[in-house]
Amino acid sequence: MSIIQKSATEQLALLQSGEITSAELTQAYLERINAVDTSVGAFLRVESETALAQAVKIDRKRKAGESLGKLAGLPVAIKDILCTINTPTTCGSRMLENFAPPYNATVVENLLAADAVILGRTNMDEFAMGSSTENSAYHPTYNPWDTSRIPGGSSGGAAACVSADMAPLSVGTDTGGSIRQPAALCGCVGLKPTYGRVSRYGLIAFASSLDQIGPLAKTVEDAALLMEVLAGYDPLDSTSVNIPVPAYSESVGKPLENLTLGVVEHHFGEGIDPEIESAVKQAIAIYESLGASIKNIELPHADYGIATYYIIAPCEASSNLARYDGAHYGYRADQAEVLAELAEDGSDEGPLVRMYRKTRSQGFGAEVQRRIMLGTYALSEGYYDAFYLKAQKVRRLIRKDYDQAFEQVDMIIGPVTANPAFAKGEKASDPMAMYLEDLYTVTANLAGVAGISLPCGFTENGLPIGLQLQAAPFQEEKLLRAAQMFQNATDFHTRRPEIS
Amino acid sequence: MSDAAYDIVIGLEVHVQLKTNTKLFCRCSTEFGNPPNTQTCPVCLGMPGSLPVMNSKAYFLGMKTALALNCRIPNYTKWDRKNYFYPDLPKGYQTSQFDLPMSEEGYLDIKSTKDEFEPRRVRIIRAHLEEDAGKSMHDEAAGRADSRIDLNRTGTPLLEIVSYPDMRSAVEAKAYMQELRLLLTYLDVSDCNMQEGSLRCDANVNLHIPTDDGMIATPIVEIKNMNSFRSVERGITYEAKRQYDVWKETGKVLGELPKQTRGWDDSAQVTRSQREKEESADYRYFPCPDLVPVVVTDEQIEEVRKEIVELPAMLRERLESDFGLTTYTADVIVNQGRGLVDYFLKLAAVSEDNKLAGNWVQGEVLRTLNELEITVDEFNMSPEQLAGLLKLIQSGDLDSSKAKSVFAVMLESGKSAADVVDEMGIEKVDQGELEDLCRQLIERNQRVVDDVKSGNEKAVGALIGQAKKENPNVNPGQVRQICLDIINDM
């Protein structure tokens, strides 16, 4: 087994024992990226020089016996939505093509403090809006298991780079399923933490009340290791919660006793792929064999999840994305073009308004524009009560469903997606079909609870299938331990794709 | 305006910049007057990924002001986003408070000592916190139409105080602004500098015009850009007349035209229509998901209430009832701010005549402060020194015009009143001597005696002049009284 195929936890042990250096490890990943990323397209930018320099620095620190952070020497890929000082951070958009923030996201600070090696920036749907990474303004990302298919999204690059051994660890964001769905479709582990567990400072906002940053990795232990570094209270984020961060990586190996898992029956209703249904049901049986008891539960308002989500998220997005107006930073429509156009159509619209219009029409892709329009409409006078306010009420009911469910069970078990990875272009012209990709994942964001996706099987065509576990707020420790129990009893996480 | 053909109906929206060191949602300085864009950070620049954190000091100052305005403070409030595009608003929305403001339903009492209007209680709908926008500077010279943006001000905490349309004249509106500014100054919550924009006022104005069929209301106009108390008065007066003329010409009443915004042009002394909106603005308010709601307990509210000092209205009343000052004098002293009130209180404590003390503070002291353009803190005559002077006036040793000369010398030399009187050679004239002088003068001026006897007491003034010629130290008041007494006894 080559070094890059090992788990991050194993690599860390080798780094600590001195059997490998961070420079060697980083170099190995850079070579892998060089070899396969032309087929996958997981990265928007690979930062070879700074990565190697950082690796060398950490090796030197280790040699000198200095104290080191929790990820010392481990390469980490970062979704291109997390601000990094003086480094382009594009959010997959043309709008921010030349934008380099003058500050670090808190999680980037955390990674640097943990002595991680930042390998590069991963591809994503523009402004995290999408479920296939086809909405990136730069290039699509392909599923390493079948490069004619999509990797999921919006953290498609983050999942694909782990799955294709281009990074041992990667950081993604999840607003409606953007970590869990690509993790499921690419066969890796992805955790969406409780809202408030990880600071959002420096995460370029899509929908502020739903966005969370989380880890993607090959194994549950690796996800626990990275989560330990990402999580924590941040005075710069008013919505982050001041609760101590458990040592996830230390407790992850301890199995849970008397585990009660809830199954939502209509997760298996109409529309679910039979291969997925059977893999998830087998996973439930495995838990039973490990001593877990299974209980049927109901989330009565879950059916309204997608409708609720596709009101609240676009409403917040329409406001969050208003700042991209060409006035202060980022893309701005060409002045001569704006003036020429105004002169030509003789509109009495002023040059300022036309500059806004043109900047936003040219700088944003179709899906982003669609969601801005949806949100603007839903917040407009006369529609606010019927859409935004109603959606907020349903959101509270969904949260209540979860609260009641977690009085009866420790976790909820079920599928991540209804179907395995679909072909590139298959849903590109059907936004509704694309939105339904989030069917099983959005409710966790609406309720603010934690959710994890882990590999639980493969289709006959060899496409990965994901299993979702959801737990009550701030129960990430238990969630990871339960996931680890399953991983210990199975070998799905050990399979790697052959990239053609 | 009661005799005019209409009533003016005025409601004011006042924006007060709160006196915090840092901005409402970030730690940038709020200092005024620094080079453009030197007081900014990712948060107030609205850069991607940046997040706001509330400045509790601003919330405290807002609560304190609202309580002083007799507002109710709800236990739960939240932040909302007001969405609109403008280059001086880098996030594309203003963080404000919409349906659950931090305070509501208060009032401010106004009255006029010059009887310009009946005392009035102006009710306050709400006072809420929000962030200020930046400044746009448009240079339209030479057709270049360059615009520059300074974001130093962006994110400065503002308290928006919205009144009911309770005012009925421009003078009342001006008085409301002046009283509000005085209150804010006493509370020490704002610099209240209208020129620098730390106190800004928009007025909603329309007319109620009695007609044969009852009463009509003209369309409401919002007037902006009134940067002084005088502009508030003049802007509203102008606008009322304009609305009346327009109504006579067009007959358009409330509801037939969209709400118009007009700017006050101080140099031309007119209001001008600002860019007409095609449709009424829809700000798409919704709760800001980046900020948590604010919960305040009743105990916290009471703690803030304890921080409120004695306010102008209470002080005026105390100066009248406890010190016997006239309404006018109390008003003049209180309106100068707490410093002059304290000076008066100290003076009253060491002198025997409160009224005399009040008159001197309101008169000579205030005139000196204005002339020298100094504050009472910079005034170098202590209340004790001034009390020494007042004592000489009370005892009749000094008449008021001499006292003023003594006051002037005291100011310059820093000496005590007694020393100055000595140096100036002012001597008290012996009572017997004075009576002798008066008798001589009366004997020499039979005509004055006749005039006074026939009821013209003023005629005695001629004797005062002559007495002063004979002896410059005589007290004119005393001369007058003695002469009258003698003549009346004749």
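Each reported figure results from applying straightforward, stated rules to the coordinates on display, with no laboratory input. Just so it is clear, the model here is predicted, and its values are computed rather than measured. Please note: Cβ atoms are built from the backbone with ideal geometry, for glycine as well, and neighbour counts cover all protein chains shown.
Key figures for this structure:
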read-out: Mean projected area in nm² (Cα convex hull; one quarter of hull surface) for the protein assembly as shown; value: 56.1
read-out: Trypsin sites (Lys or Arg not before Pro) within the stretch B:104-134, DSSP loop, no more than 11 other Cβ atoms inside 10 Å; value: B:Lys114
read-out: Per-residue average of Cβ from other chains inside 10 Å of B:85-91; value: 5
read-out: Partner chain coverage, peptide A:235-241 - average Cβ within 10 angstrom; value: 4
read-out: Selection from A:Gly346, B:Gly155, A:Thr87, by position along the positive dipole direction of the protein assembly as shown (Cβ); value: A:Thr87
read-out: Around A:Gly305: net Lys/Arg minus Asp/Glu count, Cβ-Cβ under 11 Å; value: -2
read-out: Dipole magnitude (debye, nearest 20) for the protein assembly as shown, charges at Cβ of Lys, Arg, Asp, Glu; value: 1260
read-out: Inter-chain Cβ neighbour average for residues B:286-295, partner chain, 10 Å; value: 5
read-out: About the Cα centre, charge dipole magnitude for the stretch A:1-151 (Lys/Arg +1, Asp/Glu -1 at Cβ), debye; value: 280
read-out: Debye equation applied to the C-alpha atoms of the stretch B:312-423, log10 I(q)/I(0) at 0.20, 0.23 Å⁻¹; value: -1.04, -1.33
read-out: Diffusion constant of the stretch A:44-183 at 37 °C, which comes from Stokes-Einstein with the Kirkwood Cα-pair radius and 0.692 mPa s, µm²/s; value: 217
read-out: Bridge type composition, the protein assembly as shown - antiparallel percent by DSSP, nearest 5; value: 80
read-out: Order of A:Ile20, A:Ile81 under a 10 Å beta carbon neighbour criterion, fewest first; value: A:Ile20, A:Ile81
read-out: Shape category assigned to the stretch A:3-257 from the gyration tensor of Cα positions, a/c cut at 1.5; value: rounded
read-out: Backbone N within the stretch B:227-266 under 17 Å of label point (7 Å from B:Ala281 Cα along the Cβ vector); value: B:258-264
read-out: Ellipticity estimate at 222 nm from DSSP helix runs (n ≥ 4, -39,500 (n - 2.57)) divided over chain B, nearest 500; value: -12000 deg cm²/dmol
read-out: Ranking of B:Lys57, A:Lys358 by count of other Cβ atoms within 10 Å, fewest first; value: B:Lys57, A:Lys358
read-out: Neighbour cut-off at most 11 other Cβ (10 Å), DSSP loop, GluC sites (Glu not before Pro), the stretch A:196-261; value: A:Glu257
read-out: Of every Cα-Cα pair in chain A, the percent that sits beyond 29 Å; value: 46
read-out: Low-density loop cleavage sites - GluC sites (Glu not before Pro) in the stretch B:334-426, where at most 15 other Cβ are within 10 Å (DSSP); value: B:Glu352, B:Glu373
read-out: Cα lying deepest toward the dipole's positive end in the protein assembly as shown, options A:Leu169, B:Tyr6, B:Val253, charges on Cβ; value: A:Leu169
